[in-house]
Amino acid sequence: MRTETVLKNYEFYAQADLSKYAGEWVAIINSQIVAHGKNLKEILTKAKQANPDLTPFITKVPAKKNLLW
């Protein structure tokens, strides 16, 4: 994955309101959430099925009690 793509997806993650995904894993490709849920393996599978040629940015959104914003 190219550095600029990683940074773009990280910036999306850092700036987006992801509170509705609190406690879930999210897969981000091209500044879009392409999969989300509690099971990491399922998220990876869904993201790869949707975009087989791209590597998703995967992260877990903190639970609401841990959110800083």
Worksheet item: If you bin the C-alpha pair distances of the chain every 5 Å from 0, what whole percents do you get?
Response: 3, 19, 28, 24, 17, 6, 2, 0
Practice prompt. With the full set of protein chains in place, find how many percent of the accessible area of the stretch 17-69 is carbon and sulfur; take the probe as 1.4 Å.
Written response: 51
Fill in: Residues in the stretch 13-28 reached by a label modelled at residue 42 [backbone nitrogen below 18 Å; 7 Å Cα→Cβ]
20-28
Response to the item:
CD proxy, 222 nm, the chain: helix-only mean residue ellipticity via -39,500 (n - 2.57) per DSSP H run with n ≥ 4, per residue, nearest 500, stands at -11000 deg cm²/dmol
Worksheet entry | the stretch 16-69 - accessible surface per residue (Å², probe 1.4 Å) | 66
Worksheet item: Rounded to the nearest 0.05, what FRET efficiency do residue 13 and residue 53 have when you use their Cβ-Cβ distance and R0 = 30 Å?
Response: 0.90
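The values are calculated or read from the model by the stated rules, or taken from the named source; none is laboratory data. These numbers were taken from a predicted model, which means no experiment stands behind them. Neighbour counts run over all protein chains shown; Cβ positions are idealised from the backbone, glycine included. These area figures cover heavy atoms from the full protein model, side chains too; ligands, DNA and RNA do not enter into them. Shrake-Rupley method; radii C 1.70, N 1.55, O 1.52, S 1.80 Å.
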